[in-house]
1. Given the residues Leu195, Leu214, which is the only one that is surrounded by 14 or more Cβ atoms within 10 Å (Cβ to Cβ), touching a residue at least 60 places away in the same chain (Cβ under 8 Å), more than 23 Å from Ser518 (Cβ to Cβ) and hydrophobic (A, V, I, L, M, F, W, C)?
2. Give the residue, chosen from Arg403, Arg386, that is in contact with a Ser or Thr (Cβ under 7 Å, 6 or more places away or on another chain) and in a strand (DSSP E or B).
3. List the number of the failed condition for Thr511; all other conditions in (1) within 26 Å of Leu465 (Cβ to Cβ); (2) out of contact with any strand residue (DSSP E or B) (no Cβ under 8 Å at 6 or more places or on another chain); (3) modelled with pLDDT under 90 hold.
4. I'd like the full set of residues that are touching a helix residue (DSSP H, G or I) at 6+ places or on another chain (Cβ under 9 Å) and part of a loop (DSSP other than H, G, I, E, B), limited to region 406-422.
5. Hey, can you tell me all the residues within region 202-211 that are surrounded by 11 or more Cβ atoms within 10 Å (Cβ to Cβ) and assigned to a loop (DSSP other than H, G, I, E, B)?
6. Looking at Ala439, Ala425, which one is among the small types (Gly, Ala, Ser), surrounded by 19 or more Cβ atoms within 10 Å (Cβ to Cβ) and closer than 30 Å to Gly212 by Cβ?
7. Any chance region 489-505 includes a residue that's closer than 30 Å to Phe192 by Cα and either in a strand (DSSP E or B) or modelled with pLDDT of 90 or more (or both)?
Amino acid sequence: MAPISIADLVAALPAEDIWGPATSGDNMLEGVPYAPFSKGDKLGRMADWTAESKDRAGQGRQQYNRNFRDQQVYGAGTSSLFSIQTAEDESSFSVVDNTRTSTKRGFGRGGGTVFRGRGQRGGQLQRGGGRGGFQRAGAGRGQDRFYDNRGGRGGRGGGRRFGWKDYDKPQRTREPSVNIRPEWHMIEEVDFSRLSKLSLEAPEGEDLETYGFLHYYDRSLDKAPVKNAERRLQSLDRAAYNVTTSQDPIIHELAEKNEATVFATADILSMLMCATRSVYSWDIVIVHQDGKIYLDKRAGASIDLVTVNENAYDAPLEISEASGKQEQINTPSALAMEATFINHNFAMQAVIESEEAKVPFSQPNPFYNEAEETEPLASKGYKYRRFDIGLERDDEPLQIIVRTEVDAVMKNPAGGADQQLVVKALNEFDSKAPGSGNALDWRSKLVSQRGAVLATEMKNNSSKLARWTTQAILAKADGMKLGFVSRANPRSAAGHVILGVAGYKPREFATQMNLNLSNGWGIVRTVIDRIRSLDADEPADAVKKYVMIKDPNRNVLRLYSVPASTFDEDEEAEVEEKGEEEEEEEKDEE
């Protein structure tokens with residue numbers, strides 16, 4: 001029998017039984033997606049449906065590697081390509097999972113769940129957004145934990161801390177600086193994040209008129225005090241004035257001459273320019289009349305008070321939180337009155353009063369009446385300065401006149417003209433009391449660690465120091481003198497001692513504390529533009545009044561439209577009270 005070749009056997013088989021590789025025309029897998037793979041994949045199994053659950057053991061395809069956790073593995077996540085898209089309506093079908101979740105939760109780099117605070121990528125932000133909201137994450141055994149973006153934590157169990165020492169920061173509810181009345185209409189609300197983005201090139205001011213006089217600074221205060229011979233802070237009776245914008249006769253004269261469009265005082269303008277650093281509530285009254293805008297303050301405004309540790313992470317306790325008698329003198333209101341008293345007296349004690357050596361300005365003090373006043377005048381110089389805050393797109397120039405103040409004058413060590421100074425005082429109440437802001441003990445550290453003491457004050461009193469520096473720059477002062485005044489007894493606010501004085505140049509000091517004057521001028525220009533746009537259709541002689549308030553518990557400014565007679569009755573009541581007090585004093589003298 002002749003041998004049969006393989007070719008003959010293949011030819012004898014039926015066509016449907018042909019085996020071997022399919023031809024290009026026989027595509028058996030048409031429509032089925034192709035799963036890519038990499039050469040590093042382990043091909044131990046044809047299909048491994050438990051790959052995702054075995055990642056931690058390293059058996060799955062997406063083996064976890066902490067060094068390359070942000071890189072994607074080639075071909076990963078392709079199981080979704082084979083998912084079946086059902087066409088049936090399963091809205092009425094549900095599955096109850098009775099399996100217990102693992103009680104072990106990992107946090108940080110080695111864990112399976114990472115909670116990220118504000119400012120980090122990949123945070124699972126829910127419920128309330130990024131400003132002070134809450135994140136909710138299911139913890140083990142059915143318990144809930146709430147993580148505050150600002151660092152607070154509630155519920156049981158431990159967790160990450162999102163801010164430095166913010167985890168135990170006491171939550172305070174402060175009162176507004178002025179009661180919001182029902183007839184007030186809120187026009188706009190602006191948060192600090194938007195204000196901090198504003199910028200306007202800082203203008204160079206020019207002097208229009210000067211009033212008052214200055215005494216020479218007592219340079220003996222610059223020397224380190226001798227131990228056991230501390231200089232006491234004296235209470236001096238001197239006439240000093242802080243008249244608001246609308247009651248300043250010089251500003252009225254300049255307004256009638258159309259010297260500018262906007263008028264303000266340095267203490268009011270500095271509060272607005274440094275608004276983003278403030279924590280406590282404050283308010284500014286804005287009056288628009290006859291095409292002029294006046295930045296004003298009401299009687300008894302909180303702007304006149306000097307705050308203490310306003311920016312400290314553990315600010316002084318409120319009255320409702322203070323329990324003991326010692327804590328009562330360390331409340332924000334009590335400390336503000338004490339600091340205001342210290343600044344008033346320190347500026348007068350820091351000069352050498354001499355009628356022969358004083359430096360007079362071009363005109364006398366505009367607020368002093370020799371016929372009625374019994375107290376001698378304090379060393380104070382008022383400089384009315386004009387700043388151009390216009391832009392190229394403006395149809396007409398926009399200028400602002402600011403009444404600035406300087407406190408003393410000093411001989412120039414390098415020769416030349418005398419240097420004008422702004423004199424202020426920082427005060428220490430008790431380095432061990434709540435609200436001290438981890439301040440160093442000034443008596444033992446001021447001489448050896450003055451830089452550390454000042455750095456702590458910059459952190460705890462950022463708003464106050466920024467305002468003082470802004471006022472010095474607005475007045476074009478040559479220097480700043482900062483006194484360090486402490487209580488003679490930490491448990492009593494009656495007596496104080498001067499521990500030392502440090503001198504700084506205003507612009508260099510602004511650079512040290514990261515103070516941006518361009519941002520402040522941008523805030524001022526934005527507020528003025530907003531007021532002018534609101535009254536664009538009003539008659540020129542109409543009187544429009546607004547109140548700008550800093551929210552006591554949020555970093556927000558609110559602008560209210562108020563009736564033109566708002567606060568007028570308060571001023572009348574204050575005048576009546578002063579009249580009654582003067583009558584009582586006259587009766588007592590008789």
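The values are calculated or read from the model by the stated rules, or taken from the named source; none is laboratory data. The model shown is predicted, which means the values in this text are computed figures rather than measured ones. All Cβ positions, glycine included, derive from the backbone under ideal geometry; neighbour counts span all protein chains shown.
1. The unique qualifying residue is Leu214.
2. Sole residue among the options that is in contact with a Ser or Thr (Cβ under 7 Å, 6 or more places away or on another chain) and in a strand (DSSP E or B): Arg403.
3. Looking at each condition in turn, Thr511 falls short on (3).
4. Across region 406-422, the qualifying residues are Asp407, Lys411.
5. Ala202, Pro203, Gly205
6. From the options Ala439, Ala425, the qualifying one is Ala425.
7. yes
Residues checked against (1) farther than 25 Å from Leu446 by Cα; (2) in contact with a Cys (Cβ under 9 Å, 6 or more places away or on another chain); (3) buried (at least 18 other Cβ atoms within 10 Å of the Cβ):
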{"site": "Glu338", "(1), (2), (3)": "no, no, yes"}
{"site": "Ala378", "(1), (2), (3)": "yes, no, yes"}
{"site": "Gly416", "(1), (2), (3)": "yes, no, no"}
{"site": "Phe429", "(1), (2), (3)": "no, no, yes"}
